[in-house]
Amino acid sequence: MFQPLFASIGLRYTRASQSSSFVSFINFFSVAGITLGIMALIVVLSVMNGFEGQLKQRVLGIVPHITVSAPIAETRRVDHPAIVTRSAYLQAEGVLQTPQALHGVMMQGVVPEDMTQFSIVAAKMVAGRFSDLTEGSYRIIIGQALATTLNLRPGDRVRLLVAGATLYTPMGRVPSQRVAEVAGIYAVGSALDDKAIYLHVNDLQRLMRQRAEQQHTRVFLTDPFDYQQVADTFEQQEFSFTTWRSQQGPLFDAVKMEKNMMFLLLVLVIAVAAFNIVSALVMVVNEKQSDIAILKTLGMRKRSVMAIFLFNGVFNGFKGAILGTLLGLVVVWQLNPLLHAVGINMGYSDSGGLPIELELYQVVAVAVFAMLLCFLATLYPAYRALSTQPARALQYE
């Protein structure tokens, strides 16, 4: 099989370096370091992607993606491909009272049909369903964490008090309140499970003493992270609105920063391993001074001499990148079975294992980045080979 002269010599030097135990030792650990660094980076990125996806599903499944302070009919003039649907919506802070305790809650007035079709909460019902929230029934759906805290079950009666609405009575001003029945329990697994409760939007409207035209609009998006483009569209139409970032933005910023820091740390591991190639190639160049001198004497061009050692170093980096990528993919696909085999149960996701989301573009980017680092690491030793003077290198031969 035909191959360029510089590649043939570079491969021969790669095999010949095995005869030098110290050079071989450095080469082995540089390749091993690149392999382990890439493998670790792929695994960590996949797990972090999974955690981010779970967080987006659990938190942003409860928090409205965008809330527009206008009735649904007025918002229909705003159209965007990222909008899945709109729904009448109200939100109020209040207190849920039982004979034993009081608990602050975030009351969400929703349209049951829309929640059944477009909300993850409807798919995470432990008991009951959203269709039980009929208008005028004053039924509520609560989170499993809240039900456990207050020892509530479907059918139990509680008292709802709205903080922002009051009534004048012979006893003075009292919060607007109503006895409600627990119709269902959901379990999304979010920190908001003990805060958010759902009831029919018209029931909450009566509790808040508001008119129908004071209802807001809840906008469901295909991807909550695409909120900015939709928000800009509403802003152009001079609507008042809030997005999920006003409540949960710092949480996702912290997750993103942690992900970036983990990426940076593991990239530095790969960089250290890649630049071990420098020391190995410098030793190879010093060993092959006479060979370089002979090649130059026979008329080999400088760029061809440089290409020999570039190929030598990149070949080791390529081996490490391929091995690391393959090992990373295998570990990612078998991570939860491996953890289960050694008796480690993370217990985070519904399946009891770690959430994993493998992104192909990240795998390719990591492998290409590692090979680029290896290429940069070979530039100095390859350039140093050009400084060899044939007469001086061969004077004692």
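Here, each number is a calculation from the coordinates, and none is a lab measurement. Computed from a predicted model, the values in this text were never measured in an experiment. Heads up, the Cβs are rebuilt from the backbone with ideal geometry, glycines too, and the neighbour counts pull from every protein chain shown.
Using only Cα atoms, what is the ratio of the radius of gyration of the stretch 202-277 to 2.2 N^0.38 Å? Walk me through the numbers before you get to the answer.
Numbers: Rg = 21.7 Å, N = 76, 2.2 N^0.38 = 11.4 Å.
Relative to the 2.2 N^0.38 Å estimate, the stretch 202-277 comes out at 1.90.
Using 1/(1 + (r/R0)^6) with R0 = 56 angstrom and r between the beta carbons of GLU235 and PHE28, what's the FRET efficiency to the nearest 0.05? Walk me through the numbers on the way to the answer.
On the way: r = 59 Å, r/R0 = 1.05.
Efficiency, rounded to the nearest 0.05: 0.45.
Assign unit charges at the C-beta atoms only (+1 for Lys and Arg, -1 for Asp and Glu), then state the dipole size of the stretch 66-243 relative to its Cα centre in Debye, rounded to the nearest 20. Display every interim value, and only then the final one.
Working: 16 positive and 18 negative charges, 152 e Å.
My answer is approximately 720 debye.
Using a simple spin-label model with points 7 Å from Cα along the Cα→Cβ vector, what separation in nm is obtained for VAL126 and ASP253?
3.4
Using the per-residue mean of other Cβ atoms lying within 10 Å as a proxy for protection, in what order, highest first, do the peptides 219-230, 312-323 fall?
Highest-to-lowest ranking by the protection proxy: 312-323, 219-230.
Would you order ARG139, ARG153, ARG218 from fewest to most other beta-carbon atoms within 10 Å of each residue's own beta-carbon?
Details: ARG139 20, ARG153 9, ARG218 27.
Taking fewest neighbouring Cβ atoms as first place, the list is ARG153, ARG139, ARG218.
FRET efficiency for MET106 and LEU372, Cβ-Cβ distance as r, R0 = 41 Å, nearest 0.05?
Numbers: r = 49 Å, r/R0 = 1.19.
The value I calculate is 0.25.
With a point put 7 Å past each Cα toward its Cβ, work out how far GLU213 is from ALA73 in nm, to one decimal.
Inter-label distance under the simple model: 0.9 nm.
What residues qualify as long-range amide H neighbours of TYR186, i.e. H under 5 Å apart, gap of 5 or more or another chain, H built at 1.01 Å from N?
Amide H neighbours of TYR186, under 5 Å, 5+ apart: VAL126, ILE142, GLY143, GLN144.
Between THR148 and ILE322, what's the calculated FRET efficiency when r is the beta-carbon distance and R0 is 35 Å? Round to 0.05.
According to the calculation, E is roughly 0.10.
Anything over 18 Å Cα to Cα? Flag those among LYS195/LYS256; LYS124/LYS256; LYS56/LYS256; LYS195/LYS259, in the order listed. Intermediate results must be reported in sequence, preceding the final value.
Details: LYS195/LYS256 25 Å; LYS124/LYS256 26 Å; LYS56/LYS256 12 Å; LYS195/LYS259 28 Å.
Long pairs (Cα-Cα over 18 Å): LYS195/LYS256; LYS124/LYS256; LYS195/LYS259.
Taking the radius of gyration and the Kirkwood hydrodynamic radius from Cα positions alone, what is the Rg/Rh ratio for the stretch 66-243, to two decimal places? Don't skip to the end; give the middle numbers.
Working: Rg = 16.7 Å, Rh = 16.9 Å.
Checking Rg against Rh, the ratio lands at 0.99.
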